[in-house]
Amino acid sequence: MTIAEKNSPLLTAIHSDLESLFYKRRQEGKTQNPSVYIDYGQRKAADESGAEYAVQIEQPVYFPGRKELKQLLVDNDSKIKEVQQIEAFNSIRLSSIKFAYRYLVAADKKNHVKERLKRLSLIESYIKARPFFTPQAKTDLFIIETKILALRKHFNDLELGAAKDYESLNLYLRQEFVPNLKIPYYKSGVKFDRKDLEKKAVSQNPSILAAKGELDKARTELRLANLEKYPDYSITSQIGEDKSGVANRFYDFGLKFRIPVWDQFQNKVASAETNMKSKQDRLTYQENLIQTSFNQAFLEYEQSKMNLKLYDLAQLDRIDRDLNFADMEFKRGRIQLISYLELENQLHETHHAVLDAQISHLESLLNLLYITNEKDILGVMGNASQTFEYQPK
């Protein structure tokens, strides 16, 4: 997970977005620059001409509260982006674990099929080596050859699946060579308190947090829209001198602002109100959606724990023992080929079922952790009964 986080350009991009919003907030808090107007010319009064000049300074001032609301709007964007960052962190962590399991389990399945091919090839050689090649032996050979052909296709499919799973994993790891991975297999799952998990899902799920952030932003936009009818103003000051006729100097001070006669921004306010209602409805939808997703995820997790017990890891030891027994008895001529192949096929399916139960349990657990926005992923996974005894060879 550490490597995946370190090598993720997505996290770097979100960090840059947050930094950009930091500077944007500082900019919104800046005082507006003043305007300077310089005037110079000639004026004639009482048949006397003279120079006339003036300097005017205008300082724009936000209407009280507008600057703070603009900063708050940036804060709203920052909170939404922070939620996206949290979601990205967890997605990268969980995905790196998920694809590591998928890759190693696919490799384990591939190795098991490889062992099956070796075993059936030995049976094929044994049949061909019989001194009397009877019609029964010839039929047995046809069955074995067909079985080997199907297994080779199955092996190719598993090899492709393992390669694709590795490519998915390497999207997060960005390694030039396949790393040495070791994963624990599960004997039993974690026992959760459903009500506590449900509260956590509703209060901390990234989708809900993002929807709440969007609603807060819509409220700020509505407050800003209501302020639009109260215009910003400017403080003006002018100093000058007129030397035509009787020379005189002047100085004045004033206030400049727009009068909301033709446009009181009612449409903008109505648009902001409608947008806020939309965000409220989206929040309600997200809460309902997460509630449903949580219920489904919890049911899947509980079912995966049952399958974990049904196809426990001890089955892997039993498969090896039963296969060795079948090999020996077939070579001694005590069991027929059909019985041998049927047993071998069922044991193969059991082997796959044990590994599929592991993957199903892990992915349902990760899905539950994602919905509840769990930060301590490894800590929760460590609460389950694990073993490193069964590793892909």
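The values are calculated or read from the model by the stated rules, or taken from the named source; none is laboratory data. This is a predicted model, so every value here is computed, not measured. Using ideal geometry, Cβ is built from the backbone for each residue, glycine included, and neighbour counts are taken over all protein chains shown. We work out accessible area using only protein heavy atoms, side chains counted, and drop any ligands, DNA or RNA first. Shrake-Rupley method; radii C 1.70, N 1.55, O 1.52, S 1.80 Å.
Numbers at a glance
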item	result
C-alpha center-to-center spacing [region 322-366, region 54-76] in angstrom	75
Accessible surface, region 217-289, averaged per residue in Å² (probe 1.4 Å)	71
Relative contact order for region 276-372, counting Cα pairs under 8 Å that sit 6 or more residues apart, in percent	47
Convex hull volume per residue in cubic angstrom - Cα atoms of region 119-254	407
Distance between modelled label sites at SER35 and ILE359, nm, 7 Å Cα→Cβ extension	6.8
Hydrodynamic radius by Kirkwood, which averages 1/r over all alpha carbon pairs of region 70-111, in angstrom	12.6
For region 113-160, alpha-carbon Rg over 2.2 N^0.38 Å	1.26
Sites matching GluC sites (Glu not before Pro) across region 283-349 that sit in DSSP coil, with at most 10 neighbouring C-beta atoms within 10 Å	none
Qualifying GluC sites (Glu not before Pro) for region 150-198 [loop in DSSP, other Cβ within 10 Å: at most 10]	GLU176
Rounded FRET efficiency, nearest 0.05, which uses the C-beta distance separating LYS24 from ARG258 and R0 of 22 Å	0.30
Distant alpha-carbon pairs in the chain (separation over 33 angstrom), percent	59
Coil-residue trypsin sites (Lys or Arg not before Pro) of region 14-65, DSSP, other Cβ within 10 Å capped at 10	LYS30
Spread of Cα-to-Cα distances over 10 Å intervals beginning at zero, given as percent, for region 13-167	8, 16, 12, 11, 10, 9, 8, 7, 6, 5, 3, 2, 1, 1, 0
Region 106-177 and region 250-306: distance between their alpha carbon centers, rounded to Å	57
Cα long-axis angle, helix 314-331 against the chain (0 to 90 degrees, to the nearest 10)	30
The chain, relative contact order [Cα under 8 Å, separation at least 6], %	26
Segments 249-262, 79-92 sorted - mean Cβ within 10 Å per residue, highest first	79-92, 249-262
